[in-house]
Amino acid sequence: MTAAGLAALVVISGAGASGALAAPGKPGQPRYAPGAEGVGDPYFPYSGNGGYDVAHYDLDLDYTPPAPAPALLEGQLTGVATIDIVATQDLDRFNLDLRGMTASALSVNGKPAAGIPVPAAGAEIDGAAYWQVQDDDARIWELVVQPRPKIKAGQSFQVVVEYGGTTIRPLDIEGALYGWVTTRDGAMVVSEPDGSMTWYPVSDHQTDKASYRFEITVPEGKVAVANGVPAQDPVTADGLTTWYWDAPDEQASYLTTASVGDFDLRNTYFSASGVPIIDAVDTKLSASRLATTNASLLRQPAMIDLFESLFGKYPFNSYGAIVDNDSVGYALETQTRPVYSAQASEGTVAHELAHQWFGNAVSPDRWADIWLNEGWATYATWIWNEERGIRTAQAAYNIWYNSAPPTSSYWTFQIGDPGPLGLFAGQVYNRGAGTLHALRLEVGDEAFFAGARLWVERYNDSTGSAADFQAVYEEVSGQDLDAFFQIWLYGQEKPPATWTLP
């Protein structure tokens, strides 16, 4: 089905894509309408969904990795997703995001809904039903649910979806691997920006955070690692092992993981403030990569100590790492347990740890705000390098600032609006860090770090925008920062040398 076809489908019951229109009702009585098929992010219009707020996901997954020496890297995944939801409007229909998996059964509050083919435009749908729209060209992947009885605003309800399919190696909008990436020995699960839908039905946008619990069954000998802490000891029977993980903190969907492989799940150790650290390291790392990884991971407690002193208390119930010998070509700050490709280097470990405050505790309200994630993580690495005596943050800034002449096209890129194909451009990281260092010089150290702590405190478990960020720094500094942020986020020329110091 094309995008136009989905629009026609949504109009069947008299509602537009936003769900703003509804059949006339009596005064004071519900006006039921479909929830929107996206949250309205300009970069990813069909990501997330409207009309409800998810409180909790309970994911029961069974995964069979590829056979030894596979011709194709394909696995088999079946799952049962139990989703606790609160309606934010009167709903006669709502969507979940699901890509490449097929729903085989669905219920709402224990009442089964019938699966039907995608209705033709103008068709009438009687009774509770669900159907799927999968359009790779238009990047539309929707599981559409029509509950009966209808759902009133403020009502809590539970959806249970049984689903499954063949896992492959899905690609994001830029053609990079993401989501449930099948590997030789299991799966490397890294879902930024909208890849969680490749492995469970979800409202796949960071504005709808929720808590999670995972029950992951894999062949005996494999280790499954997810967010949070073990909920109980693994259970082995009939050649299968089930792993249990609990992640009670609010979490954006793109930060979930359920990676599977030949991991050494190491003993828990702690930061000075008592944060438990759990690492899973691939047993097949080369000697040199293992040495680099071990040295880097051993610095995690000291990194937590430093960042807590600057940004406030570590925001979650645990930390750690998943280091996979397979590679997607990048690391990802999956909440409480970042995933590293091939090895974990010290700078990357500092970067992914800083994301737990900047990107995870406080996520970008829209993907255009991603510089707030990557700029902070990069700048925190500059700060860590200064702590280690490698170079000062000012020296790192000067090196970056002098890396391209004023005539370079490098400076025309707007980090405040990078576009969906520019989310991971180098400027988002380095000019983002440069923006923060310049801001520090602009407002002074006291206001700068007070603003960092206030930002995390005010928007913890939620999202914030560039405008929100500016407002926080104007509050703590007492300065008008309009001109500053215009230059740094949206300017298309090299910023003045004002912030380059000896």
Subject >> Rounded to whole Å, sorted largest first: equivalent-ellipsoid semi-axes of the chain, Cα gyration tensor >> reply: 38, 30, 20
Subject >> Accessible area per residue, Å², the range 387-501 with all protein chains present, probe 1.4 Å >> reply: 45
**OP:** Provide the convex hull volume over Cα atoms per residue for the range 367-490, in Å³.
**Re:** 106
Subject >> Mean separation of Cα contacts under 8 Å, 6 or more apart, over the residue count of the range 55-97: relative contact order % >> reply: 43
Original post:
Which peptide among 149-160, 75-86, 311-322, 351-362 comes first, and what is the full order, when sorted by highest mean count of other Cβ atoms within 10 Å?
Top reply: 351-362, 311-322, 75-86, 149-160
Original post:
Ignoring ligands, DNA and RNA, what accessible area per residue does the range 108-250 give at 1.4 Å, in Å²?
Top reply: 37
Original post:
For the range 262-357, what mean projected area does the convex hull of the alpha carbons give, in nm²?
Top reply: 5.4
Original post:
At a Förster radius of 22 Å, what calculated FRET efficiency corresponds to the Cβ-Cβ distance of T268 and V235, to the nearest 0.05?
Top reply: 0.65
**OP:** Mind grabbing the base-10 log of I(q)/I(0) for the range 212-264 at q = 0.21, 0.27 Å⁻¹? Debye formula, identical points on the C-alpha positions, no solvent, two decimal places.
**Re:** -0.72, -1.05
Subject >> the chain: angle of helix 287-297 to the longest principal axis, Cα-based, in degrees nearest 10 >> reply: 90
Original post:
Round to a whole number: what % of the accessible area of the chain belongs to carbon and sulfur, probe 1.4 Å?
Top reply: 52
Original post:
Among the lysines in the chain, how many pairs, 8 or more places apart or on different chains, have alpha carbons under 28 Å apart?
Top reply: 10
Original post:
Principal axis lengths of the range 34-261 from Cα atoms, whole Å, largest first?
Top reply: 49, 37, 30
Original post:
Relative to the longest principal Cα axis of the chain, at what angle does helix 426-443 sit, 0 to 90 degrees, rounded to 10?
Top reply: 60
Original post:
By average Cβ neighbour count within 10 Å, what is the ranking of 274-286, 100-112, 190-202, 367-379 from highest down?
Top reply: 190-202, 367-379, 274-286, 100-112
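The values are calculated or read from the model by the stated rules, or taken from the named source; none is laboratory data. What you see is a predicted model; the values in this text were computed from it and never measured. Note that we place each Cβ from the backbone using ideal geometry, even for glycine, and neighbour counts take in every protein chain shown. For the accessible areas, the whole protein counts, side chains as well, though only heavy atoms, and no ligand, DNA or RNA atoms are used. Shrake-Rupley method; radii C 1.70, N 1.55, O 1.52, S 1.80 Å.
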